[in-house]
Amino acid sequence: MLYCHTINSLSFKSQDCFQFLLGFTTPPNNNSVKPHFSCPAFTTQYCLAGKCDYDLVVIGGGSGGLACSKEAAQLGQKVAVLDYVEPSAKGKTRWGLGGTCVNVGCIPKKLMHQAALLGAAVKDARKYGWQIPGTVCHDWTTMAEAIQNHVKSLNWGHRVQLQDKKVKYLNLKGSLVDECTVRGVSKAGKETILTAKNIVIATGGRPKYPTNIPGAMEHGITSDDIFWLKKSPGKTLVVGASYVALECAGFLTGIGLDTTVMVRSIALRGFDRQMAGLVTDYMEAYGTRFAWNSVPKRVDKLSSGALQVTWTDTETGCEHKDCYDSVLWAVGRAPETKTLGLDKLGVQLNEATRKIVVGADESTSVPNIFAFGDISEGRPELTPTAIKAGKLLARRLAGQSTELMNYDNVATTVFTPLEYGCVGLSEEEAERRHGEEGVEVYHAFYRPLEFTVAERDASQCYIKVICERGGDQKILGLHFTGPNAGEVIQGFSLSFQCGATYPQLLQTVGIHPTCAEEVVKTHITKRSGFDPTVTGC
Amino acid sequence: MLLKITCKLLAAVSLRRHGAVVRRGSTMASGSETTRFDFLVIGGGSGGLAGARRAAELRANTAVIESHKLGGTCVNVGCVPKKVMWNAAVHAEYLHDHGDYGFDAENVKFSWEILKAKRDAYISRLNQIYRNNLDKAKIQTIQGYARFTDEPEPTVEVNGRRFTAPHILIATGGQPSVMSDDEVPGASLGITSDGFFELETLPKRSVVVGAGYIAVEMAGILATLGSKTSLIIRQSGVLRSFDSLISTNCTKELQNNGVDLWKNSQVKCVSKTDRGLEVTIVTKDPEKKNDEKVGTIEGVDCLLWAIGRKPNTSGLNIGSLGVDVDERGHIIVDEFQNTTRSGIYGLGDVCGKALLTPVAIAAGRKLAHRLFEGKKDSKMDYSSIPTVVFSHPPIGTVGLTEDEAIKTNGKENVKIYKTSFTPMYHAITSRRSQCIMKLVCVGKEEKVVGLHMQGLGCDEMLQGFAVAIKMGATKADFDNTVAIHPTSSEEFVTMR
């Protein structure tokens, strides 16, 4: 959002400026040519003597890397950031500065979600007295071009910000040489060596492909490609049931495409089970098809160009086939650690996930090398946590603060057709920690006013406030499905951060008529068994 | 069974009493007989109904007197139908954006008639729900106008029947103020917000008079739905009691949305012609005191006065009761909703303080707990009440304005954080509106005492922040909260 503001104030065309800045691969310090040493011991001393090229070199120009480098530069550090995008496996999609969030994540995802909401709004509008002739069709190209142009403007905005804040940007693929030396390689293969007092790795992750399904990689795309398609993906099979899978399937359905989600076991693993069920129930009612308990077996391209997917229903053991125009794999993400040269330096990785093992201060097993964001083990894969962690790390590295990132109380929102926002514990986790008798759940099924005249089914609009049962009823978790869940939950996450109790929630006067007010009106406990449906005002 | 009363009941109600006597309902009694309840509520609006239902839950024998439809202003001529109209207007805005997002929704027409029919049907359903809720709670509904008699024991007469209770709540709400024809010749040719909800067609040419939130909302809805709309305000901005940032921005947004704004202006007279109303307006130059310009708007088919609201006390005969009112007729109550006469209470719009449905509801419930559950300290906290104005885009505000904070704390102790940005939704639309946000912080610890915003989604954003501000959140607490990306609300926790 911040970026949008910046972009608006720029009057020049982003494309022109791109040309101007491309090919910036020359080493920094234009005024002094310095020899580069590859002997670790020597460089360390060299750096300690204050003679490194940089105070900080950040590998990875995503949300976290950019935040960290800009913050460090503002604190007077000399900083360079290296960013390089390997084209995606199938679509050979590439993009600019800004990482997953800006290019192939949050931003284009939310915009396509907005498009899908407008698709639903057309139906509602008719009930609100708007007479719209004929059927309303959606043109992928119009939407995708607009979104892609916006993303490109954000790429440009990031560059401008780096320049303004005196962070050296290098379009190079970075890897570690030693604990204070980074090698950058350009697209053309040209090598640049940089030395730094501290090195931060924030290269994020990329979508995974399944390894044992014939045709999967050959014919399938991932979330790295979907936002950059020039034409509509058509009838689509989304494999996976993570939030990425459901969000993609949701917006594809919303713009009118025949969309199926193939789920091996459960949807939205890690989230509250009841809420996950409401999210998928709503999607099914909304028109998204679900192939539950199904495992894909192979993908074949027919002579017609259609992709024939064969899968097994694990409950019946039966095999099924259907044809799709696109198959989108959303089966998880893998960290970008392979080409960083970590093994050689002894940077410890988690065996299973291949993510970098980090301490509370984002330190790795090697001094002077830090890692955070999607690449580090056990961290939420979320832009705002990476941004915040990056800024705090920069402040610590600059000696300005000792404050550590607090990874608790992180609110999140899933932008499915019915949005789902939450902060704190799921009901299952609360019961696991506090015992079933130690938890009180206040809940409500409510009907958004915007649904009433539109005659929309509100069966899945639900609020759940999970509290400690004893004492002052501290809130342990708060869950909300409904329109604008993302906007609703942020303020509650602040009160959650402040240690809100259930009585404090109730003491706040509602705002009428909104969906958010239903949160401060919840009063039926699950334990009572009373009907939690809200009636009247 | 009917209880015909001659005996005197204790004014103070103890919990023990409720189970002991079963007094339920009443049948028609002769003129000299009085039906007695534990709790008599005059006014079946948000506050009255909430108080009555809570009292009934606490086993008080309760009756509600309502002269019109159950649900009061909010349900019938306020929040609910207003928000339905606002939603319809929001669709108008979406329809502008459809093309930008790839949808080919063209040649769209709007039918006010369809919308009104749906809205009326919904409101009727709500009226019925309220009725059912009262019946389920065994609360007697008495239809008609209430009037206090001159008897020594407070007694209410409705259509010749008399009722009394040791606890009588006045929650009769308010109604739009109007200009008299003496003040402005032809003023009565106009309508108020009540009349707005009776309009059968979309006015082609509207003139809204007033600068408060009702005027802003009405003008916004009319203009967005396609009526050519002028807004007449006495000074240079709307929402003058709001934070100056909101006032200025909302004034600008109205103009951006095509509302024809007449500043420093007042309606001088209204006349009826065969082409509709002709509204004559005097505009003063604020710089030059005696410089007046007179303009007219012709062909007006909707002149809407939104110049304030007044309490509904006129027919109640409270003068003889010893219930004091202020100079504008509002019932004066203390922090426990007690009027100056013992056993008589007042809450909601009739008291003229924080004219909001949830406030009245909360006050009604608190009162019921105090009277019928023995919770002596149960009272409504009127501080930090969050409010939303359904303008285009909506406004959210809670706590002190910057000016108020400076007045109470001194300029040197107030720190302001502000931001403005284009919400991501507008990243690919040709129609744009900004989102503006402001935090008012006080003291060294930077306690957040005010939060003000206008922009897409601000209506749903405010509630959670209101909880935190009520809890005494500081700027550091805001900073310690992790953002939710990409939303507009995250800007509040990432402000510098």
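The values are calculated or read from the model by the stated rules, or taken from the named source; none is laboratory data. Quick caveat: nothing in here was measured; it's all calculated off a predicted structure. Glycine gets a Cβ as well: all are built from the backbone with ideal geometry, and neighbour counts include every protein chain shown.
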Candidates A:A249, A:A241 - the one that is under 16 Å from the mean Cα position of the chain (by Cα), closer than 19 Å to A:I107 by Cα and outside the structural domain of A:T141 (by the TED database):
A:A249
Qualifying positions in region A:393-428 - on the phi > 0 side of the Ramachandran plot and either modelled with pLDDT under 95 or within 16 Å of the chain's Cα centre (by Cα) (or both):
A:N409
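Which one is farthest from B:M437 (Cα to Cα) among residues in region A:481-510 that are β-branched (V, I, T) and buried (at least 24 other Cβ atoms within 10 Å of the Cβ)?
Step by step, filter region A:481-510, then rank; the result is A:T481.
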Kindly check whether there is at least one residue in region B:67-78 that is touching a residue at least 40 places away in the same chain (Cβ under 8 Å), away from chain A (no Cβ under 11 Å), surrounded by fewer than 24 Cβ atoms within 10 Å (Cβ to Cβ) and within 15 Å of the chain's Cα centre (by Cα).
yes
Name the residues in region A:283-305 that are part of a loop (DSSP other than H, G, I, E, B), of a type in the set (S, T, Y) and more than 25 Å from the chain's Cα centre (by Cα), would you?
A:S303, A:S304
Residue list for region B:166-203, filter: without any contact (Cβ under 8 Å) to a residue 40 or more places away in the chain and either closer than 30 Å to B:P152 by Cβ or not small (G, A, S) (or both):
B:D181, B:D182, B:E183, B:E198
Taking B:S206, is it out of contact with any helix residue (DSSP H, G or I) (no Cβ under 9 Å at 6 or more places or on another chain), in contact (Cβ under 8 Å) with a residue 40 or more places away in the chain and within 24 Å of B:K83 (Cβ to Cβ)?
no
Residue set B:Q454, B:Q463; condition polar (S, T, N, Q), buried (at least 23 other Cβ atoms within 10 Å of the Cβ) and at the interface with chain A (Cβ under 9 Å from one of its Cβ atoms); output residue B:Q463
I'm trying to understand the selection: among the residues of region A:350-386, which are surrounded by fewer than 24 Cβ atoms within 10 Å (Cβ to Cβ), more than 14 Å from A:N406 (Cβ to Cβ) and within 14 Å of the chain's Cα centre (by Cα)?
A:E381
Might you check whether a residue that is buried (at least 21 other Cβ atoms within 10 Å of the Cβ), more than 7 Å from every other protein chain (Cβ to nearest Cβ) and modelled with pLDDT of 95 or more occurs anywhere in region B:406-416?
yes
Quick one: which strands (runs of 3 or more DSSP E) lie wholly within region B:76-187 and hold at least 1 residues that are within 25 Å of B:N257 (Cβ to Cβ) and not polar (S, T, N, Q)?
B:174-176
Filtering region A:489-512 down to residues that are facing another protein chain (nearest Cβ under 7 Å) and within 31 Å of the chain's Cα centre (by Cα) yields A:I489, A:Q490, A:G491, A:F492, A:S493, A:L494, A:S495, A:Q497, A:C498, A:A500, A:L505, A:I511
Within 28 Å of B:D349 (Cα to Cα), buried (at least 24 other Cβ atoms within 10 Å of the Cβ), in contact with a helix residue (DSSP H, G or I) (Cβ under 7 Å, 6 or more places away or on another chain) and away from chain A (no Cβ under 13 Å), is that true of B:A88?
no
Filter region A:303-347 for residues that are among the hydroxyl-bearing types (S, T, Y) and crowded, with 21+ Cβ neighbours inside 10 Å; the one that is farthest from A:Y84 (Cα to Cα) is A:Y324
If a residue must be touching a residue at least 12 places away in the same chain (Cβ under 8 Å) and either within 30 Å of A:A202 (Cβ to Cβ) or of a type in the set (S, T, N, Q) (or both), how many such residues does region A:305-337 contain?
15
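Okay, residues lined up against (1) outside any strand (DSSP E or B); (2) farther than 23 Å from A:C106 by Cα; (3) away from chain B (no Cβ under 14 Å):
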position	(1), (2), (3)
A:N406	yes, no, no
A:T416	yes, no, yes
A:V423	no, no, no
A:E429	yes, yes, yes
A:R433	yes, yes, yes
A:S459	yes, yes, yes
A:I463	no, yes, no
A:L478	no, no, no
A:E487	yes, no, no
I'd like the full set of residues that are within 20 Å of the chain's Cα centre (by Cα), under 26 Å from A:A430 (Cα atoms) and part of a helix (DSSP H, G or I), limited to region A:252-282.
A:M275, A:A276, A:V279, A:T280
Of all residues being surrounded by fewer than 24 Cβ atoms within 10 Å (Cβ to Cβ) and outside any helix (DSSP H, G or I) in region B:37-59, which is nearest to the other protein chains (Cβ to nearest Cβ)? Just the residue, please.
B:L58
Spot the failing condition for B:F103; the list is (1) within 11 Å of chain A (Cβ to nearest Cβ); (2) free of Cβ contacts under 8 Å to residues at least 40 places away in the same chain; (3) surrounded by fewer than 20 Cβ atoms within 10 Å (Cβ to Cβ), and only one is missed.
(3)
Quick check, is A:P513 assigned to a helix (DSSP H, G or I), touching a residue at least 12 places away in the same chain (Cβ under 8 Å) and either surrounded by fewer than 24 Cβ atoms within 10 Å (Cβ to Cβ) or not polar (S, T, N, Q) (or both)?
no
Qualifying positions in region B:469-493 - over 16 Å from B:G455 (Cα atoms), part of a loop (DSSP other than H, G, I, E, B) and within 7 Å of chain A (Cβ to nearest Cβ)
B:M471, B:A473, B:N480, B:T481, B:V482, B:A483, B:I484, B:H485
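Determine whether B:E157 is within 30 Å of B:S206 (Cα to Cα) and free of Cβ contacts under 8 Å to residues at least 12 places away in the same chain.
When the stated conditions are applied, B:E157 does not pass them.
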Considering only region B:351-377, state which residues are assigned to a loop (DSSP other than H, G, I, E, B) and within 12 Å of chain A (Cβ to nearest Cβ).
B:A354, B:L355, B:L356
Per-region count, region A:142-184, residues hydrophobic (A, V, I, L, M, F, W, C) and either part of a helix (DSSP H, G or I) or out of contact with any Gly (no Cβ under 8 Å at 6 or more places or on another chain) (or both)
11
Selection from region A:106-157 of residues more than 8 Å from chain B (Cβ to nearest Cβ), among the basic types (K, R) and within 19 Å of the chain's Cα centre (by Cα) yields A:K109, A:K152
Please find, among A:E450, A:E455, the residue that is within 12 Å of chain B (Cβ to nearest Cβ), not in a helix (DSSP H, G or I) and not polar (S, T, N, Q).
A:E455
Selection within region B:106-121 - more than 35 Å from the chain's Cα centre (by Cα) and within 7 Å of chain A (Cβ to nearest Cβ):
B:N107
